[in-house]
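Remarks on the structure that follows.
The values are calculated or read from the model by the stated rules, or taken from the named source; none is laboratory data. Computed from a prediction, not measured in an experiment: that's the story for all the values here. Here the Cβ positions follow ideal geometry from the backbone for every residue, glycine too, while neighbour counts run over all protein chains shown. We work out accessible area using only protein heavy atoms, side chains counted, and drop any ligands, DNA or RNA first. Shrake-Rupley method; radii C 1.70, N 1.55, O 1.52, S 1.80 Å.
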Amino acid sequence: MKLELIQGDLTKVAADAIVNAANSSLLGGGGVDGAIHRAAGPELLAECRLLGGCPTGQAKLTKGYRLPARHVIHTVGPVWQGGTHSEEATLARCYKSVFAQVQAHGLRSVAFPSISTGRFGFPIDRAAPIAVREIRAAFARLPQLEKVTVVLFSPWDLEAYQRALSAAPGENV
Ligand code: ADP
């Protein structure tokens with residue numbers, strides 16, 4: 001399987017890159033962002049300080065420092081505002097921006113958290129189909145891409161992604 005869904009801790013995953021669900025300051029926060037900074041060590045924050053933040057929907061790459069992953073791709077998901085502020089399109093743009101970094105740096109494996117569905121409040125049953133669709137589109141575009149893992153923190157989140165995957169069966173999975 002090129003697309004794998006697992007339950008676990010993203011900071012433990014060895015991949016060419018893990019994706020951080022960051023906030024626009026890129027200076028750390030709670031949730032998966034805090035966990036990534038704790039595991040990577042202070043060098044990650046030092047590199048992030050040089051980046052000058054990141055607009056919502058875009059993505060920036062740093063090294064992984066003490067993480068098992070070689071790089072971190074920081075993306076800023078939309079804050080859910082009821083669904084009337086183009087949140088779905090913005091979330092899709094996050095995935096596209098991450099895969100643009102994957103392509104630019106020749107990466108072959110990448111692991112994602114569930115972007116925006118924690119503190120940012122995006123309903124996971126609406127986020128998961130967007131993630132599955134964008135990951136499949138990336139496999140179709142990027143021959144270098146060998147493996148994408150989505151690492152879900154809770155069994156309920158894993159089930160939501162499994163539902164999205166089985167609702168839209170396709171190639172490359
Ligand atoms: P956002 O601000 O984009 O909503 P959060 O970090 O609050 O980001 O939440 C995104 C998802 O990441 C949530 O489902 C949360 O449970 C999950 N999460 C938190 N810590 C980890 C971790 N160490 N590994 C994987 N997922 C995590």
Between residue 63 and residues 5 or more places away or on another chain, the pairs with built amide H atoms under 5 Å apart involve 72
Under the Karplus relation with 6.51, -1.76 and 1.60 and θ = phi - 60°, whole-Hz ³J(HN,Hα) for region 16-24, x at Gly and Pro, equal 4, 8, 10, 9, 9, 7, 8, 9, 5
Expected unfolding gain across residue 167-residue 89 under the 0.36 nm per residue rule, minus the alpha-carbon gap, is 26.1 nm
Contour minus Cα-Cα span, residue 70 to residue 156, at 0.36 nm per residue, comes to 28.1 nm
Long-range amide H partners of residue 20, meaning residues 5 or more apart or on another chain whose placed amide H is closer than 5 Å, are 73, 74, 75
With all protein chains present, region 63-173 has a carbon and sulfur share of its accessible area (1.4 Å probe) in percent of 52
The answer for region 2-167, accessible area per residue at 1.4 Å probe in Å², is 44
Spelling it out for residue 150: with amide H atoms placed in the peptide plane at 1.01 Å from N, the residues 5 or more places away or on another chain with amide H under 5 Å from its amide H are 4, 5, 6, 112
Any DSSP H helix in the chain with Cα axial reach of 20 Å or more and mean Kyte-Doolittle score of at least -1.0? Listed by number, the hits are 87-104, 124-141
Along principal axes, largest first, the alpha-carbon spread of the chain in whole Å comes out as 42, 36, 28
Ranked output for segments 109-121, 55-67 by mean other Cβ atoms within 10 Å, highest leading, reads 109-121, 55-67
